[in-house]
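Okay, structure first, notes after.
All of the numbers you see were taken from the coordinates with simple rules; none came from a lab. What you are looking at is a predicted structure, and each value in this text was computed from that prediction instead of being measured. Every residue, glycine as well, gets a Cβ built from its backbone with ideal geometry; the counts of neighbours run over all protein chains shown.
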């Protein structure tokens, strides 16, 4: 396996033809208020290619039954499709084994699983959990709940005015009571691409495990969990061109193996009596109840679609658009970009003097341009930059220069309304 | 584009750029905080009530054009009204934005907010100040604060 960080041994990425790829996504043909749709809300959720839609229909039409039980043919087909999706995820992340891949509802459930299971076992009174200022609420609140229940402390590593984690400050927070570090790989509100390999090394030097929230990174760049050496990696299906209601928690096998179940029910057990229940091996131990089978199948097809295009090609495509988007927005009068980190991925948050992001969002929508306006489920990040909200344009593999031009033209309309 | 023009009418834009009664009064008898978690807008409403009449209404905070204009025009409308009239105006304003009824004459110039109807996600922006004033009117009267 080629290490993703070693540019010298990497072949140059294929070039994406985003205009051509748009044809794979039927929803992009929708007319919005009489305009061509410029979908720039990919950090909130991505649209689905036809192959994913077809795979779900095909699965329900020809293979569907419950998994891991039942002796009949359809149960075998459904189990094979579900487990084959797990193999695809394993390859996608370059995990060592499929037992390291747990299907969950999404990134939120993945973080909750680790907080309650790993945290429940290892975090006690006076212990500490370290996160950063730029986390999404889903990588804050589960840890807050854990700390409150256990009498532990949540420590927050600060970020600078550009939106970069202040690494010395993060390192100084790592102490003998730190039980886990949880960090976004890419910030959903600022776009900062964090030096997660360095953070993992810092934590591991002190024997502290690291969870990476990969919700924004996994759709945008090649992910190799062995190279990152993270202990847990979480991402959501719906943000990576797959179905909603399915997501992935990767965990190192020896860690997952040592963790108690997250939820009780069917599937996660080996033997049940009223006196004692023997739990199943990983990953089944963490998948209580009938899982989102079709969701997993759809996710597998989405990941194969991305792999065929090449994650490095998607990354290069989005980086080129990001540069163009940043430049175009910077040239507009009154616009301030929130989040100017050295390394960014996929999105730009911005505010405009005297015009609230919500008004920008409404006017752009009427021009067919879909962006997000709000706090992006990252209120502490908004507080850090003293803004109640931002407007955010976020890129996907199907975006083109035409989409950015539509956004910039829409911003002129915003000015016209408010002049 | 006409829907958008109905939403961002001149009067609304004027009040959003130059909000009236945007201040903390030296004395007031009721106050309440409003928060719209969807967009992060926060505002505080202050009412000075004497003998059941709203003598002064003011607000602080920042928000989108719709919520700021709504707060500004609301404070203008409420001044001189009785508490009961204020509560009745809340009901009528709320009905104007969420229903399809004809605009009641009591609302006066507030009827320009009927354009918000076509933007369901923005209804909360227009009603934030009114929900906050309702909370203030329902709150137990406190001692008049004087700074």
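When Rg and Dmax are taken over the Cα atoms of the protein assembly as shown, they come to 26.4, 82 Å. Mean residue ellipticity at 222 nm, helices only, the protein assembly as shown: -11500 deg cm²/dmol; runs of at least 4 DSSP H residues each add -39,500 (n - 2.57), and the sum is divided by the number of residues. Our compactness index for the range B:33-81, the C-alpha radius of gyration over the empirical 2.2 N^0.38 Å, is 1.21. When each of B:134, A:48, A:121 is scored by the number of other beta-carbon atoms lying within 10 Å, the sequence from fewest to most is A:121, B:134, A:48.
As a ratio to 2.2 N^0.38 Å, the alpha-carbon radius of gyration computed for the range A:123-212 takes the value 1.01. Could you work out the percent of alpha carbon pairs in the range A:276-419 separated by over 17 Å, rounded to a whole number? When every Cα pair of the range A:276-419 is considered, 68 percent fall beyond 17 Å.
Structure remark: mean-square fluctuation, Gaussian network model of chain B, C-alpha springs under 10 Å; the largest value among B:44, B:75, B:98 belongs to B:98. Shape descriptor for the range B:1-100: Rg over Rh equals 0.98 (Cα atoms; Rh from the Kirkwood inverse mean 1/r). Under a Gaussian network description of chain B, with springs only between Cα atoms under 10 Å, the residue in B:97, B:13, B:128 that fluctuates furthest is B:13.
Express the relative contact order of the range B:62-147 as a whole percentage, based on alpha carbon pairs under 8 Å and six or more residues apart in sequence.
Reported as a whole number, the value is 39 percent.
Taking other C-beta atoms within 10 angstrom as a stand-in for reagent exposure, A:275, B:84 fall in the order A:275, B:84, fewest first. Judged by the gyration tensor of its Cα atoms, with axes a ≥ b ≥ c, the range A:52-308 is oblate; a/c meets the 1.5 cut and b/c is at least as large as a/b. Can you give me the C-alpha center-to-center distance between the range A:352-375 and the range A:378-403, rounded to a whole angstrom? One Cα centre to the other: 11 Å.
Annotation for the range B:76-109 versus the range A:91-123: alpha-carbon center distance of 52 Å. One Cα centroid belongs to the range A:12-58, the other to the range A:258-307; the line between them spans 31 Å. Sorting A:364, A:20 by the number of Cβ atoms found within 10 Å of their own Cβ, with the fewest placed first, yields A:20, A:364.
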